[in-house]
Amino acid sequence: ITEKFGFQFGLRAEQANLNTIYRSLDPTSLEPVMAEGKLDYFRIYPSVFLTQKLKNDNQLQLSYTRRVNRPRGWQINPFRDIADPNNIRVGNPNLKPEDIHSFEFSHMKYWKAVTFTSSLYFRQVNDVVEGIQQRVDSTTTLTQFANLARNRATGLELISKADLFKGFNLTGNLNFFYNNFSGSEEFNIASNDGFNWNAKLMANAQILPTLSAQLNMEYMAR
């Protein structure tokens, strides 16, 4: 818009349909069992980024994005996984994808070989996918997947990347946040909240023109 102020805008629309029919035999009576499932939803995913350049290679950015996190294949597979007969797992074909709304206000500082980003953020995840574990008998548990209410996180994230020398760089990340998880009366899961943090470190090395290596380290607090 001006020499120092700009914006980016994106929009994606998605119509999803998933119809399932599950047929099996009841393991005790050997009677046929059939269950039908249906998912039908329309969503719009917008994203907006506003950027203001400041003096001395500083930059501010305000953003809103809506994203989707889809269940993995084994989380929707309705057939029981009995590889471990004491810990049975079964998927849910009616799982909805997680719906993520993210607001961020960031400051970026650039030096010749180092970039540093600090971000204040708020993220809300609707239809959180979790594995619900129930005890079948004294030696067996059954884990099923379901959509719970929502998860909200407010925090501060610090990210820095440094090119130490040619062909080698480090990226570090510190994330401090307050988490608020809404429970579920249906599954008798209590709400929970509290402060937490995690840290990551990634090293990249270019060994040969066609060969590179990467080392990742991560710490998650209790």
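Charges at C-beta only: +1 for Lys and Arg, -1 for Asp and Glu. How large is the resulting dipole of the chain about its Cα centre, in Debye rounded to 20?
Numbers: 24 positive and 21 negative charges, 213 e Å.
It comes to approximately 1020 debye.
Say the cut-off is 18 Å between C-alpha atoms; which of LYS55/LYS166; LYS4/LYS55; LYS55/LYS112; LYS166/LYS200 go over it? Don't skip to the end; give the middle numbers.
Working: LYS55/LYS166 28 Å; LYS4/LYS55 10 Å; LYS55/LYS112 15 Å; LYS166/LYS200 22 Å.
Beyond 18 Å: LYS55/LYS166; LYS166/LYS200.
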Neighbour count of at most 15 Cβ within 10 Å plus DSSP loop: longest GluC sites (Glu not before Pro)-free window in the chain
4-184
In Å², and per residue, what accessible area does the chain have when probed at 1.4 Å with the other protein chains present?
69 Å²
Percent antiparallel among DSSP beta bridges confined to the chain, rounded to 5, stands at 95 percent
If each part is reduced to its alpha-carbon centroid, the stretch 95-112 and the stretch 36-94 end up apart, in Å, by 14 Å
At q = 0.16, 0.20, 0.26 Å⁻¹, what is the log10 ratio I(q)/I(0) for the stretch 63-107, with the Debye formula run over Cα points and no solvent?
-0.58, -0.70, -0.90
Per DSSP, loop trypsin sites (Lys or Arg not before Pro) in the stretch 1-74 with at most 12 further Cβ within 10 Å:
LYS4, LYS55, ARG72
Rounded to one decimal in nm, the spacing of the 7 Å Cα→Cβ label points at ALA83 and LYS161 is 3.5 nm
With the chain treated as a Gaussian network of Cα nodes joined by springs under 10 Å, which of ILE44, ILE88, ILE207 yields the largest mean-square fluctuation?
ILE207
Loop-resident sites, the stretch 109-197, for trypsin sites (Lys or Arg not before Pro), counting at most 12 other Cβ within 10 Å (DSSP)
LYS112, LYS166
Surface accessible to a 1.4 Å probe, LEU30 within the full protein complex, Å²
120 Å²
Which one, TYR219, PRO93, LEU158, projects farthest toward the positive side of the charge dipole computed for the chain from Cβ point charges (K/R +1, D/E -1)?
LEU158
Loop-located chymotrypsin sites (Phe, Trp or Tyr not before Pro) in the stretch 147-222, at most 13 other Cβ atoms within 10 Å (DSSP):
PHE187
Consider the candidate values (i) 1.07; (ii) 1.28; (iii) 0.97; state which one is Rg/Rh (Cα atoms, Kirkwood Rh) computed from the structure displayed.
(i)
Sorted list, accessible surface of protein heavy atoms, 1.4 Å probe, largest first, for ASP137, ASP40 is ASP40, ASP137
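Quick one: Cα convex hull volume of the stretch 43-167, Å³ per residue? Before the final figure, lay out the partial values.
On the way: hull volume 22.2 nm³, N = 125.
Residue-normalised Cα hull volume stands at 178 Å³.
With an 8 Å cut-off on Cα pairs and a minimum separation of 6 or more residues, tell me the relative contact order of the chain in percent.
Values: 526 pairs, mean separation 26.1, N = 222.
Reported relative contact order: 12 percent.
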Hey, if you put +1 on the Cβ of every Lys and Arg and -1 on every Asp and Glu Cβ in the chain, which of VAL68, THR2, LEU50 ends up farthest toward the positive end of that dipole?
THR2
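The values are calculated or read from the model by the stated rules, or taken from the named source; none is laboratory data. Because the structure is predicted, anything quoted here is derived from the model rather than measured. Cβ: placed from backbone, ideal geometry, glycine included. Neighbour counts: every protein chain shown. Accessible surface is based on the protein model in full, side chains and every heavy atom, while ligands, DNA and RNA are left aside. Shrake-Rupley method; radii C 1.70, N 1.55, O 1.52, S 1.80 Å.
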